[in-house]
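Below is one structure, written out as structure tokens, with a few remarks after it.
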Amino acid sequence: MLCFVIAILLPIFFSECNKNNDVKNIIDFDEISEVELDTSSSDIMIVPIKSSIPMDKIRRSFCYNDYTFLLSGSKKMIYCIYKDTVISVLNAVGRGRGEYTYINDLAYSEEEKVIYVNTDIGLYKYEVPSMSFLGSTNIDFSTDGMISLNSKELLVNCSYSLHEGEEAYTGICIVSKETGKVIKQCIDLDYYNTTCYLTHDLERCNDMIILSIGGVKENKVVSWNEETDSVIELFSFGFAPKWKLTRKQTRLLKKKHREFDSEMYSRMVYCDGCHYPTIINSNLAFWCFPFENEIKKKIAVIQKMDKSIYRSFKISGTNITVNPSFVKDNYCVKIIEGSAESLVNAPEKLSLLGKEIYDTKKSQLFNNPIMLFFTIDKNIQ
């Protein structure tokens, strides 16, 4: 059914102007409506994370059918959550067998009940949920997004060189779980696309894996089909000039990239890209994080047939920025941290949803995080 829907939508998503390097779809800040989340979401759930120990700040989130994994801000621990409860914690910092200094990335194999963790030492394997060490594989490159394809292969976003001094290949590759070597290059994210203020997270959606590719003037959402090894462009767009990166952001990029020259700057100034692309109720949806005058906005973009719909959600009386920490099925999930008091900036304007979040956070043991589940499809026209 999903493939049928995409087949119908593709003629709309494709831009004929792209053949002439023109961008047909321009996202403009002026077209965005700010709305209350509780009046715009068809379903909202507040789920406190139950844990018998204090939890560290969360850096990244990974959601699967069986479990949700949270990588700590220190990049040293992984919390394994079943439904709403932390049932185990990977905390193996050290120099011994199965130990590491920090964690770069992870992927969970539901088929094997094994979590693959890209550490500073190599690719480690742990049994889930016990987190017992199963072995390791040498891997000599970093990853920024991994998905387990089967018992033998991982799909990873990586950058690597086969030989010293050789120009690095950056893109989506299939990697052997046994050897840690690249088996096949699937999507080339070349220099034009990778010098952007963007990470290429991979999202599994039914029989496809969806990812975003950021460019200078044009950004794309594409899907990769494992069975056919085919790449389909689902949507492409550009940003209005007011969505340029701020000077503060470019300073941070200069620190990150040693060879940051005027050419790289010209490539980056329009780059924000899109995040957490998925299919929600047969509509392509993703999130943009633009910056304007140093004020952050988190924008949901919904492709509803022949038009783009932009929404910025708020929860009155709070300073909670509504954007997903991960997407699951038709839900976006926001992990809310901090004290209950720190979430409220205008008690007199606190909405019913805001009060419920405050009360739930107030009652959390050890001030641990809560999860806010919400959809973005209600009254979208």
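Just so you know, all these numbers are worked out from the coordinates, no wet-lab data involved. What you see is a predicted model; the values in this text were computed from it and never measured. We place every Cβ from the backbone using ideal geometry, glycine too, and count neighbours over all the protein chains shown.
Overview of results
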| item | result |
| --- | --- |
| Inter-label distance, nm, simple model (7 Å from Cα along the C-beta direction), GLU110/THR321 | 3.1 nm |
| Value of Rg to Rh for segment 49-199 (Rh from inverse mean 1/r over Cα pairs, i.e. Kirkwood) | 0.97 |
| Spacing of the two label points (7 Å from each Cα toward its C-beta) at GLU233 and ASP84, in nm | 4.5 nm |
| Calculated FRET efficiency for the pair ARG251/GLU36, C-beta based, R₀ 35 Å, to 0.05 | 0.50 |
